[in-house]
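Each reported figure results from applying straightforward, stated rules to the coordinates on display, with no laboratory input. Values in this document were obtained by computation on a predicted structure and should not be read as measured data. Here the Cβ positions follow ideal geometry from the backbone for every residue, glycine too, while neighbour counts run over all protein chains shown.
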Amino acid sequence: MNNRKDINEELDAIAPLLKSISRLPVQSVPEGYFEQFSVKIPAESAPVVKMPMVRKWMGYASAALVAGILVTAGFIFTDKNVQPFNYEQYSRIDVPVEMNKLTDDELQNYLVTATVLSGAGHTSSSVSEEINETITAETASLNQVSDEELEQFLNENAGNTDLK
Amino acid sequence: MEDVEMVTAFKKAGTKENAFTLLVKKYQERLYWHIRRLIPSHEDANDVLQNTFIKVWNGLGAFREDSQLYTWLYRIATNESLSFMEQQKRKAAVDFDQLGEAYSNSIKADANFDANRLEWKLQLAIRQLPDKQKLVFNLRYFDNMAYEEMSRVLDTSVGALKASYHHAAKKIEEFIKNH
């Protein structure tokens with residue numbers, strides 16, 4: 001460090017006002033800062049240990065094996081060779097002609113299968129039977145109506161097109 | 001303990017931490033004020049002082065014992081302070097004048113600030129100087145550093161440092177007289 005006297009003599013020559021100003025710090029510092037000051041040295045990074053050559057290759061082999069299993073499994077479970085639906089092909093089919101080619105047994109099999117798959121408890125024949133039963137019951141009840149009552153009913157509903 | 005002894009003790013595993021603690025105790029206050037004269041905020045100055053001592057911890061093992069320890073410490077603290085100021089300028093995207101104004105406001109915000117006292121006028125006057133002149137003035141005026149030592153800290157010729165100091169002292173006196 002230089003002598004304070006030399007520095008003051010230098011200031012006398014260039015800026016004498018500065019010689020009279022106190023050099024003591026004026027800025028505020030938290031109380032006890034210098035007493036409590038400590039340096040936080042960062043922890044040294046852990047040393048890097050080199051893997052032996054055999055273990056290194058074993059590691060690579062394991063990684064390759066796992067990758068192989070994953071790729072194979074991916075192909076097995078995802079590659080089902082599904083053909084896309086060909087709408088154009090089906091639009092060219094002549095449905096009545098194709099239907100005529102079917103045998104009765106094939107139709108019967110289809111109806112049974114379709115009923116089972118749809119979950120309904122009726123076959124088409126049981127539906128026909130139900131309709132016939134309803135018509136028979138209605139015919140029987142109409143037989144109990146007299147001719148006069150029918151005549152009157154028709155006269156009253158002469159304008160109703162549903163009865164024509 | 002003398003500086004040379006501290007450096008020798010630091011290089012031995014068994015006495016390394018104790019030597020470093022002694023070095024911190026010996027220089028913390030001087031380095032803190034050197035930094036604080038450049039960076040007005042205490043928190044920022046504290047961060048820079050921490051970084052300075054971490055650099056010292058990392059580099060002291062390779063320090064040549066024929067060099068002067070305190071010159072080396074001032075050099076690290078100066079470089080850390082200048083890097084911090086450069087970062088501040090970049091972060092705030094401001095030029096030198098704007099940063100100087102912000103630092104002046106920071107000085108005025110100090111709990112002890114008294115605009116009539118010459119010591120505070122001196123602080124505001126130093127703020128007006130370019131970084132290099134500020135450094136030269138502080139090292140000579142407050143730290144009583146010889147030009148030859150300053151030359152090693154700042155990597156500048158003695159002649160250039162003398163010229164810088166003279167310009168700075170004249171500007172500061174002028175500022176104080178006018179405010």
**OP:** Provide the FRET efficiency to the nearest 0.05 for the A:Glu133-A:Phe75 pair, computing r from the beta carbons and using R0 = 51 Å.
**Re:** 0.30
**OP:** Check the straight Cα-Cα distances from B:Lys26 and name the aspartates and glutamates below 20 Å, setting aside those fewer than 8 residues away within the same chain.
**Re:** A:Glu31, A:Glu35, B:Glu2, B:Asp3, B:Glu5, B:Glu17, B:Asp47, B:Glu65, B:Asp66, B:Glu80, B:Asp143, B:Glu149
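Short version: what are the Cα gyration tensor semi-axes of chain B, square root of 5 times each eigenvalue, largest first, in whole Å? Each step should come with its number before you reach the end.
Details: eigenvalues 192, 68, 44 Å².
Sorted largest first and rounded, they come to 31, 18, 15 Å.
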Original post:
Past the 29 Å Cα-Cα mark, which pairs from B:Lys108/B:Lys170; B:Lys55/B:Lys89; A:Lys19/B:Lys91; B:Lys12/B:Lys55; B:Lys16/B:Lys162; A:Lys5/B:Lys11?
Top reply: A:Lys19/B:Lys91; B:Lys16/B:Lys162; A:Lys5/B:Lys11
Subject >> Point-to-point label distance, B:Ser67-A:Arg92, nm (Cα→Cβ direction, 7 Å offset) >> reply: 9.0 nm
Subject >> Size of region B:43-139 as Cα extents on the principal axes (Å, biggest first) >> reply: 46, 31, 25
Original post:
From the square roots a ≥ b ≥ c of the eigenvalues of the alpha-carbon gyration tensor of region B:94-179, which class results: rounded (a/c under 1.5), prolate (a/b over b/c), or oblate?
Top reply: prolate
**OP:** Starting with the highest mean, order B:52-58, A:68-74, A:106-112 by the number of other Cβ atoms within 10 Å, averaged over the residues of each peptide.
**Re:** B:52-58, A:106-112, A:68-74
Original post:
Where in region B:28-55 does the amide nitrogen come within less than 20 Å of the point 7 Å from the Cα of B:Ala92, taken along Cα to Cβ?
Top reply: B:34-49
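For a Förster distance of 41 Å, can you work out the FRET efficiency between the beta-carbons of B:Phe113 and B:Met1, rounded to the nearest 0.05? Walk me through the numbers on the way to the answer.
Numbers: r = 38 Å, r/R0 = 0.93.
For B:Phe113 and B:Met1, the calculated efficiency is 0.60.
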